[in-house]
Amino acid sequence: MRRRRHEYRVKIDIFSEIQRAGWERKKEGKLIGDSIELAKVADETGYGAWWQVEHNGSGAFSISSAPELFNAILARETQKIRLGQAGVLSPFKINHPLRVAARAAFTDIVSGGRVELGVARSSGNEWTRFQVDGETTREETSELLRMLPRMWSNDRFSWKSDLIEIPEVDVVPKPVQKPHPPMWLTGTAQAAFEEAGGLGVGAIATTMLWPIESIKVLVDAYRQAIDACEEPAGDVMNDQFGCFTFVHCAPSREEAIASGACEAALWYANTAPSVFNNPRGALVDAIRGLYAPDLESWRHSHEEKVEYAVDPDDPVPVVRLMNRQYLGMEIDPEEAYEVLGAIDSVIIGDPDTCLAKMKKFEEVGVDRLLTLQQFGALQHKRVLGSLRLIGEELVPQIDV
């Protein structure tokens, strides 16, 4: 079993939702074209990887329902940047293992060996749409990660478990990368990162306006689990930890404020719960608890009130701004920048500010920083400017 020698040097990647607030069906082609342009610039300016998410039936949030097709297009439009999925929805009713393996291998061939494959359990609305039994998704995810290397490496493959039976078959085509493309598991709860470590695969976390110290807890849990891994899913272990966060870099502080990036990040946080069919109040409680755990008594005192979760005078500044936006109230751009600027995981500002915050992720052990730069209502020209500025000025200083 070969292990990758771990180096604490963060690489700057792109995380893509193919997202624009105020989505219109007639503008889907424009949004997809804009996203392809971003990927080409990311390739030209030295980003490490482009990570494509999978969502189904969530147009107001993301139209990335066919990430394999999008990455196959990028394989022909780019030269060097690696092409990841973060991740393939792993329930068998959504993506059959044979198709996951074949699609990834096909893209690996046409890209010249640049695929990285992450998987995700998904949740909520997607389980409902595909009639998935949520009780079995954890086991399905684990089985998929153990099946993939065998399908990619063996001429004859079969599988039989309580969840799925696959008669003997030669899964074609086979990937270019040997022994196989790197595998990843995405998650939010600590148990997911312990599972990723136990399987010997990379882990991808998210920051939903959370402080970096909350990510360090997940990094530590992952490292402990992967160090103890005895039966990895693949033929080579991937011991990298990736993390997604909001990023917008502008030439100056004033331009960063004027861009609307802070308001876009708040929009994302307000909108995401509906995609996963999770109560918005649960996210608000989680954020509030991270910044002010001593406010539990305040929360209980407000539970009797209707819509306490959208209190425009919430004592936690970032929650207060989220609630005001959610209620349609005007937000002062300067205030939004100051509040989000105080959150060390949110990377919005001029190049010096962004560079300092990127290095904080490296300090807690993050290997791959998945920068979400196309989010909310950010104008395409501003996203393109941010992506190019980071690629030309910051990537050379960090990813060496």
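Taking the Cα centre of the range 82-172 as origin and assigning +1 to Lys and Arg Cβ atoms and -1 to Asp and Glu Cβ atoms, the resulting dipole is close to 320 debye. In this structure, the amide hydrogen of GLY84, modeled 1.01 Å from its nitrogen in the peptide plane, lies closer than 5 angstrom to those of TRP50, TRP51, GLN52, GLU116, counting only residues at least 5 positions away or on a different chain.
Here the relative contact order of the chain, from alpha carbon pairs under 8 Å that lie six or more residues apart, stands at 22 percent. Remark: TRP23, TRP50, TRP210 ranked as TRP23, TRP210, TRP50, counting other beta-carbon atoms within 10 Å and listing the fewest first. Restriction of the GluC sites (Glu not before Pro) in the range 164-232 to DSSP coil positions whose beta-carbon has at most 13 other beta-carbons within 10 angstrom yields GLU230.
Using 7 Å Cα-to-Cβ label points, what is the THR128/LYS26 separation (nm, one decimal)? Reported label-point gap for THR128 and LYS26 is 3.0 nm. Separation of the range 165-217 from the range 63-100 is 14 Å, based on Cα centroids. For the chain, the Cα-based Rg and Dmax, in that order, read 20.7, 63 Å.
At a Förster distance of 30 Å, what's the computed FRET efficiency of THR188 paired with GLU230, Cβ-Cβ distance as r, to 0.05?
Calculated value: 0.70.
By the count of neighbouring beta-carbon atoms within 10 Å, fewest first, ILE212, ILE166 end up ordered ILE166, ILE212. For ALA66, no residue has an amide H sitting under 5 Å from its own, ignoring neighbours fewer than 5 places away on the same chain, with H placed 1.01 Å from N. With a cut-off of 14 Å, note down the residues of the range 349-391 whose backbone N falls inside the zone around a label point 7 Å from the Cα of SER252 toward its beta carbon. Under 14 Å, as judged by backbone N against the label point of SER252, lie 350-351 of the range 349-391. Charges were assigned to the Cβ only: +1 to each Lys and Arg, -1 to each Asp and Glu. The resulting dipole of the chain about its Cα centre is roughly 1380 debye.
How much length is gained on full extension from LEU98 to VAL169, taking 0.36 nm per residue of separation minus their Cα-Cα distance?
Here the segment from LEU98 to VAL169 would lengthen by 24.6 nm.
Using +1 on the beta carbon of Lys and Arg, -1 on that of Asp and Glu, and nothing else charged, what's the dipole of the range 199-289 about the Cα centre, debye to 20?
420 debye
Electrostatic bookkeeping for ALA101 treats Lys and Arg as +1 and Asp and Glu as -1; over the other residues with beta carbon under 14 Å from its beta carbon, the sum is +1.
Ranked by how many other Cβ atoms sit within 10 Å of their own Cβ, fewest first, the residues CYS243, CYS229, CYS354 fall in the order CYS229, CYS354, CYS243.
With a cut-off of 14 Å between beta carbons, the residues surrounding PRO351 carry a summed charge of -2, where Lys and Arg count +1 and Asp and Glu -1.
Please check the chain for the longest run free of trypsin sites (Lys or Arg not before Pro) that are loop-located per DSSP (anything but H, G, I, E, B) and have at most 16 other Cβ atoms within 10 Å. Mind dumping the intermediate values first?
Working: sites that count: ARG4, ARG5, ARG9, LYS80, LYS93, ARG156, LYS305.
Of all site-free stretches, the longest is 157-304.
Annotation for ILE36 and GLU363: the two label points, set 7 Å from Cα along the Cα-Cβ direction, are 4.2 nm apart.
Run the numbers for SER214 and SER158: contour at 0.36 nm per residue of separation, minus the present Cα-Cα distance, in nm.
Going from the current span to full extension adds 16.1 nm.
Extension gain, LEU327-THR136: 0.36 nm per intervening residue step, less the Cα-Cα distance, totals 65.0 nm.
Throughout, read-outs are computed from the coordinates displayed, never taken from laboratory work. Computed from a predicted structure; not experimentally measured. All Cβ positions, glycine included, derive from the backbone under ideal geometry; neighbour counts span all protein chains shown.
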